[in-house]
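> Quick one: this structure, given as structure tokens, is what I'll be asking you about.
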Amino acid sequence: MSLVDANTTLPTQRSFIGGRYVESTSGECFDAVYPGTNRKICDVEQAGEREIELAVESATAGFHEWSAMPALERQRVLLRAVAILRERNDELAYLDTLDTGKPVAETTTEDVVTGADVIEFYAGIAQTLHGETIDFPGHGFARMKREPLGVCLGIGAWNYPIQIAMWKSGLALACGNSMIFKPAEVTPLSATRLAEIYLEAGVPAGVFNVVHGDARVGQALVEHPGIAKVSLTGEVGTGKVVMANAAQTLKKVTLELGGKSPIIVFDDADIDSARNAALTNNFYSTGQVCSNGTRVFVQRGVYESFLEPIAERVAALKVGDPFEPDTMIGPLVSAEHHRKVMHYMTSAKASGARHVVGGDVPDDPALADGNYVTPAVFADATDDMEFVTDEVFGPLMAVLPFDTEDEVLARANNTPYGLSGAVFSSDFARANRVANALQAGSVWINDYGTLPASLPFGGYKQSGVGRENGANAIEHYTQVKVIYSSLVEHPRYM
Ligand code: NDP
């Protein structure tokens, strides 16, 4: 096992199609960059038209082979992949740290681990995808089969590169589909390692392909008539474009998009627990998590005591080299994203909200070349402030006071997003009342962010379409065929 580090350079990265690395015909490359110093790690070849066609051809052939395999065999192969992924956990985690800047404390314990859990969960479900039979006495019977869709396209965001590839492919492959996966341009490194591991585990060549490239490559794949379904993780704006383009060929669509999720803390809550949840779910992954609870509504009676230790707690989070095991806050993923997040830090400072802590570029000269920012908290925020309405996708927590349950519910739901939310209260009835009324796909009571593989994840409103994870997500990767068998002679027409 070889672990990469902050100084690692890699050879040119190519698309992985039909079980092998394929040289691009586009003549274009883009850079993979380490966010800790903004130095180049390697070139990545942008796929050309020929590689896109080859990927669809390979995935089509792969689909025919894979979908014809007994479910038990598919299950065994996927479980072998899970075992290899767990063996290579640290190797893959360090690679994602090099690509994303997320601390190894997170990538070694979360990203590959939770991805493998999902593949294992769906491997277990592969054999249970049975049909149903309905009898029509005196006439015949119908059997209803659940069949895979065909070639599925996965398009990844940059914040959980290998985990997103594992979530999408585990579900698609367990249902008998093949997949073409396009990683985000800024995090291209780990998806092809997953492709190698699937191959080693016994997944036939062509069943999982990785195609590198920017939005042009994504768009060409979304529009390709040989692809049955697209699942995107990305921004709301990208989701709208992908859905519109997919409509030209009426592809099935799953969209896992952004959020601006509320955490509601009532006077009777366990305040330490609520504060812990708020801090974790604003600053984990340097705030680059779609489900983060970035609007923290705290009832007036406990408002100041909730805030009191926060400046000290947040200032103590170690910002720095993500390869150091005690680093909590790594660099943001790219210089471009750093500019966007700093815009919101400046906007928050000028908004009139109370500046509690952070929001600066650290003055440590060792961090000067990277995309670093100190985690920030602003209190007394109001609902209309730019950093409160927009998805910042950085370490910026807004704390807002409230008085009544009705008021906070109206304010929490007053957003086009609906990904997640939480309520902290020791009043069982109130906690459940509020959870029922929150317009979000995942709501926690006295908790935040627990997402085992068995629970469906996805958004209400503009946070998404469809679900990933959990047993009912198979609805989005299979289709039902009815086969009616007659037991009688067909009646005469005339
Ligand atoms: P983007 O929407 O910018 O990009 C997502 C992917 O879509 C990238 O691979 C991108 O390629 C590709 N893409 C862009 N335009 C097109 C197009 N026209 N056709 C096809 N593909 C296209 O998202 P980010 O990568 O910036 O990720 C951050 C966003 O992802 C945040 O909004 C976050 O909330 C959301 N997210 C949602 C999650 C969820 O499960 N709900 C989980 C994680 C993140 P390229 O990289 O080359 O631009």
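> Is it the case that residue 167 is within 16 Å of the ligand (Cβ to nearest atom), surrounded by fewer than 24 Cβ atoms within 10 Å (Cβ to Cβ) and within 25 Å of residue 283 (Cβ to Cβ)?
Spelling it out, it is not the case that residue 167 is within 16 Å of the ligand (Cβ to nearest atom), surrounded by fewer than 24 Cβ atoms within 10 Å (Cβ to Cβ) and within 25 Å of residue 283 (Cβ to Cβ).
> Still on this structure: Residue 90 - would you say it is touching a strand residue (DSSP E or B) at 6+ places or on another chain (Cβ under 8 Å), in the same structural domain as residue 27 (by the TED database) and not basic (Lys, Arg)?
Judged against the criteria, residue 90 is not a match.
> Output yes when any residue across the stretch 142-151 is among the basic types (Lys, Arg) and touching a helix residue (DSSP H, G or I) at 6+ places or on another chain (Cβ under 7 Å), and no when none is.
Scanning the stretch 142-151 turns up no residue that is among the basic types (Lys, Arg) and touching a helix residue (DSSP H, G or I) at 6+ places or on another chain (Cβ under 7 Å).
> May I ask you to say which residue of 173, 149 is surrounded by 24 or more Cβ atoms within 10 Å (Cβ to Cβ), within 21 Å of residue 467 (Cβ to Cβ) and away from the ligand (no atom under 15 Å from the Cβ)?
Every option except 173 fails the conditions.
> Can you find a residue that is within 16 Å of the ligand (Cβ to nearest atom) and either surrounded by 21 or more Cβ atoms within 10 Å (Cβ to Cβ) or modelled with pLDDT of 95 or more (or both) anywhere in the stretch 130-143?
No, the stretch 130-143 contains no residue that is within 16 Å of the ligand (Cβ to nearest atom) and either surrounded by 21 or more Cβ atoms within 10 Å (Cβ to Cβ) or modelled with pLDDT of 95 or more (or both).
> Would you please name the residue that is surrounded by the fewest Cβ atoms within 10 Å (Cβ to Cβ), looking only at residues in the stretch 248-258 that are within 16 Å of the ligand (Cβ to nearest atom) and assigned to a loop (DSSP other than H, G, I, E, B)?
So, considering only residues that are within 16 Å of the ligand (Cβ to nearest atom) and assigned to a loop (DSSP other than H, G, I, E, B), the one surrounded by the fewest Cβ atoms within 10 Å (Cβ to Cβ) is 248.
> Can you name the number of the only condition in (1) of a type in the set (Val, Ile, Thr); (2) more than 22 Å from residue 235 (Cα to Cα); (3) within 22 Å of the chain's Cα centre (by Cα) that residue 404 fails?
Going through (1) of a type in the set (Val, Ile, Thr); (2) more than 22 Å from residue 235 (Cα to Cα); (3) within 22 Å of the chain's Cα centre (by Cα) one by one, residue 404 breaks only (3).
> Out of (1) within 16 Å of the chain's Cα centre (by Cα); (2) more than 24 Å from residue 337 (Cβ to Cβ), the odd one out for residue 276 is which?
(1)
> Of the residues 330, 358, 293, only one is on the phi > 0 side of the Ramachandran plot and not aromatic (Phe, Trp, Tyr); which?
Being on the phi > 0 side of the Ramachandran plot and not aromatic (Phe, Trp, Tyr) holds for just one of 330, 358, 293, which is 358.
> Only residues in the stretch 238-251 that are over 17 Å from residue 149 (Cβ atoms) count as the first member; pair them with residues that are near the ligand (Cβ under 10 Å from one of its atoms) and of a type in the set (Val, Ile, Thr), Cβ under 8 angstrom, at least 6 apart or cross-chain, and list the lot.
Close Cβ pairs satisfying both conditions: 245/222.
> Filter the stretch 185-221 for residues that are near the ligand (Cβ under 9 Å from one of its atoms) and either free of Cβ contacts under 8 Å to residues at least 40 places away in the same chain or more than 21 Å from residue 160 (Cα to Cα) (or both) and give the result.
Those that are near the ligand (Cβ under 9 Å from one of its atoms) and either free of Cβ contacts under 8 Å to residues at least 40 places away in the same chain or more than 21 Å from residue 160 (Cα to Cα) (or both): 215, 216, 219, 220, 221.
> Against the condition assigned by the TED database to the domain that holds residue 404 and away from the ligand (no atom under 16 Å from the Cβ), how does residue 336 come out, does it pass?
no
> May I pose another question? Does the stretch 70-82 include one or more residues that are charged (D, E, K, R), in contact with a helix residue (DSSP H, G or I) (Cβ under 6 Å, 6 or more places away or on another chain) and farther than 25 Å from residue 20 by Cβ?
Within the stretch 70-82 (the criterion being charged (D, E, K, R), in contact with a helix residue (DSSP H, G or I) (Cβ under 6 Å, 6 or more places away or on another chain) and farther than 25 Å from residue 20 by Cβ), the answer is no, since none of the residues qualifies.
> Tell me yes or no: at least one residue of the stretch 340-347 is away from the ligand (no atom under 16 Å from the Cβ) and of a type outside the set (A, V, I, L, M).
yes
> Across the stretch 440-481, what is the number of residues that are within 19 Å of residue 288 (Cβ to Cβ) and part of a strand (DSSP E or B)?
Of the residues in the stretch 440-481, 4 are within 19 Å of residue 288 (Cβ to Cβ) and part of a strand (DSSP E or B).
> Does residue 239 qualify as being part of a loop (DSSP other than H, G, I, E, B) and not aliphatic (A, V, I, L, M)?
Considered against the rule, which asks whether it is part of a loop (DSSP other than H, G, I, E, B) and not aliphatic (A, V, I, L, M), residue 239 comes out as no.
> Can you name every one of the strands (runs of 3 or more DSSP E) wholly within the stretch 69-163 that holds 1 or more residues which are farther than 29 Å from residue 239 by Cβ and not charged (D, E, K, R)?
In the stretch 69-163, the matching strands (runs of 3 or more DSSP E) lie at 132-136, 140-148.
> Hey, among the residues in the stretch 448-494 that are surrounded by 12 or more Cβ atoms within 10 Å (Cβ to Cβ) and in contact with a Lys or Arg (Cβ under 6 Å, 6 or more places away or on another chain), which one's farthest from residue 138 (Cα to Cα)?
Among them, the one singled out is 458.
> If you don't mind, there's one more thing I want to ask. What residue, of 245, 281, is crowded, with 19+ Cβ neighbours inside 10 Å, at pLDDT 95 or above, of a type outside the set (Phe, Trp, Tyr) and in a helix (DSSP H, G or I)?
Going through 245, 281 in turn, the sole match is 281.
> Of the residues that make up the stretch 224-231, is at least one within 29 Å of residue 394 (Cα to Cα), in a strand (DSSP E or B), in contact (Cβ under 8 Å) with a residue 60 or more places away in the chain and of a type in the set (S, T, N, Q)?
Among the residues of the stretch 224-231, at least one is within 29 Å of residue 394 (Cα to Cα), in a strand (DSSP E or B), in contact (Cβ under 8 Å) with a residue 60 or more places away in the chain and of a type in the set (S, T, N, Q), which makes the answer yes.
> Taking the residues in the stretch 259-287 that are polar (S, T, N, Q) and closer than 20 Å to residue 444 by Cβ as candidates, determine which candidate is farthest from the ligand (Cβ to nearest atom).
Checking each candidate, the answer is 273.
The values are calculated or read from the model by the stated rules, or taken from the named source; none is laboratory data. Remember, predicted model here, so these are calculated numbers, not experimental data. We place every Cβ from the backbone using ideal geometry, glycine too, and count neighbours over all the protein chains shown.
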